[in-house]
Amino acid sequence: MLKGQMMEQPLLLSSLLQHAERYHGDTEIVSRTIEGGFHRYGYADAARRSRQAANALSRLGVQPGERVATLAWNGYRHFELYYAISGSGAVLHTVNPRLFAEQIAWIINDAEDQLMFFDLTFAPLVEKLAAQCPTVRHWVAMTDPAHMPDIKVGNLLCYETLLEAERDDFAWPVFDERAACALCYTSGTTGNPKGVLYSHRSMMLHCYASCLPDVFNFSARDCILPVVPMFHVNAWTIPYSAPMVGAKLVLPGSALDGASLYELFEREGVTFSGGVPTVWQALLQHLRAGKLKLTTLKRGVMGGSAAPMALIEAFANDYGVMIDHAWGMTEISPLGTYNRPKGKHLSWSVEGRRAVAMKQGRPPFGVEMKIVDADGRALPHDGLAVGELLVRGPWVVSQYFHVDKPTLRDGWFPTGDVGSIDADGYLLITDRAKDVIKSGGEWIGSIELENLACAHPDVAQAAVIGIAHPKWDERPLLIVVRKPGTQAGREDLLAWYEGKIAKWWTPDDVVFVEQLPLTATGKISKLQLREQFRQHRLPG
């Protein structure tokens, strides 16, 4: 084979920060701080402080490949550590603080974290964890000396004190692009969480794909606010994608309510944002309650769980904001599909375009998908056949961290999702395999029932779970949170389904609740709902 005569230059995350410093040094990174107020500086300042942080890691004895953890919100210090840790050859381990304390301790020990950097919000949690995590040699409060927490933790250090002692001329090492750069754990709804170990190569390729016009469509003219936390699949890799294109970055800290986000959107001129449906729902409620407008926000992405079409249409029709639906997983970095129309769709009817927009989207180059039946046989991509979804690609996990059991099935990763794929590659997730309602030998997808319920004018949130039935095995139960001041009843909602679905899909019962339980990643917890309503008796 004749080899090309091009430079051999590894794809390393440190090159993103170097690029941003060189060509976008004065582009701002704005953070709402944990201590109160705002912090503002440019990519050049961030790069300088990241080099200081990398020198501090070296002085603290961190070796290449060792894991360094964070318990932190979206902020400028967390951004600096993204590059200081991975760029120096260590592995960034972003810990989800919304998990149970026992799970967090288990994760830290499984990862064998050497250092833990934490925001002040989590000081009480750190005090509980410290004695349970023997591998952690130092606990570093991400603050200045004036705000150091008064907690009983040995080897407690101050982030700003560490940086002040270091030079800013750290030389980013060059190493194999297949080296590990980051570690994230799944939310662990069953059993212990599982670690997903990303490489520099996989993360860089993912960033290239995420910036494409039919995905995030980022540019140096954008101002991006990731609501998705930096401890959740690396904030969908936005902290890497933004400096890749030189976009302004706005980091919201711990204030993720509708009012706080709206203030940042308007104050900083945000053009793009991304978050789970519950975040967008809270923003929509704030906008409506205050009769407010969005003057700069034009685009966004909704992921993490199925996006109600009513929510997408409300932003498009009432505020001129196009919210795209996306699908992904921790195991795929997370980008799997993104819903943008093809050229031919622009001439379709409103109903036709709406049918496409309700799907999770099509994969960018780098992701392959297929659906299979119970025997593993490939099913046609005709938009009708429904089967288990399998994926593969350069940013898809091949094996879980510290797990010897094979992850792949004939070279493909089984996602645990069930859905269909049409001829254009658009994926429609009908359910998680564990959430599918099995009724009389047939499958009922809870997601479609939930989306239809959310389109009802009186419904704020909805979830559908399967309830045991003596004849049909399972039947659907609709669980609803009403909008304030509305009175829709059981019969109103059951009638709402008439003519929209097969009659036998209609839920057998409806219950109303004040709120729905959420998982550590902001999704509706079907596991908790199934436990809560395990003894529920269906009518008849």
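The values are calculated or read from the model by the stated rules, or taken from the named source; none is laboratory data. Bear in mind the structure is a predicted one, so any value in this text is a computation, not a measurement. Cβ atoms come from the backbone with ideal geometry, glycine included; neighbour counts cover every protein chain shown.
Annotations for the structure displayed:
- Unmet criterion (only one of (1) in a strand (DSSP E or B); (2) surrounded by fewer than 18 Cβ atoms within 10 Å (Cβ to Cβ)) for GLY383: (1)
- Among residues of the stretch 335-353, those that are out of contact with any strand residue (DSSP E or B) (no Cβ under 9 Å at 6 or more places or on another chain) and basic (Lys, Arg), counted: 2
- In the stretch 469-509, the residues that are of a type in the set (Phe, Trp, Tyr) and within 16 Å of VAL459 (Cβ to Cβ): TRP496, TYR497
- Counted as qualifying within the stretch 259-376 are the helices (runs of 4 or more DSSP H) with 3 or more residues that are surrounded by fewer than 15 Cβ atoms within 10 Å (Cβ to Cβ) and at pLDDT below 95, namely 350-357.
- Checking each residue in the stretch 322-338 for being of a type in the set (A, V, I, L, M, F, W, C) and closer than 16 Å to VAL276 by Cβ picks out ILE323, ALA326, TRP327, MET329, LEU335.
- The residues of the stretch 491-540 that are exposed (fewer than 15 other Cβ atoms within 10 Å of the Cβ), more than 31 Å from the chain's Cα centre (by Cα) and free of Cβ contacts under 8 Å to residues at least 40 places away in the same chain, listed by number, are GLU491, ASP492, ALA495, GLU498, GLY499, ALA502, LYS503, GLN535, ARG537, PRO539, GLY540.
- The stretch 278-299 residues that are closer than 14 Å to ARG267 by Cβ, paired with ones that are among the β-branched types (Val, Ile, Thr) and not in a loop (DSSP other than H, G, I, E, B) (beta carbon under 9 Å, 6 or more apart): none
- Residue that is farthest from LYS194 (Cα to Cα), among those in the stretch 386-406 that are part of a loop (DSSP other than H, G, I, E, B) and of a type in the set (Phe, Trp, Tyr): TRP395
- Any hit, the stretch 472-482, residues being assigned to a loop (DSSP other than H, G, I, E, B) and more than 24 Å from GLU313 (Cβ to Cβ): yes
- Identity of the residue in the stretch 122-142, in contact with a strand residue (DSSP E or B) (Cβ under 7 Å, 6 or more places away or on another chain), part of a loop (DSSP other than H, G, I, E, B) and not basic (Lys, Arg), that ends up farthest from PHE38 (Cα to Cα): VAL136
- Check on ASP119, more than 19 Å from LEU197 (Cα to Cα) and either buried (at least 21 other Cβ atoms within 10 Å of the Cβ) or modelled with pLDDT of 95 or more (or both): yes
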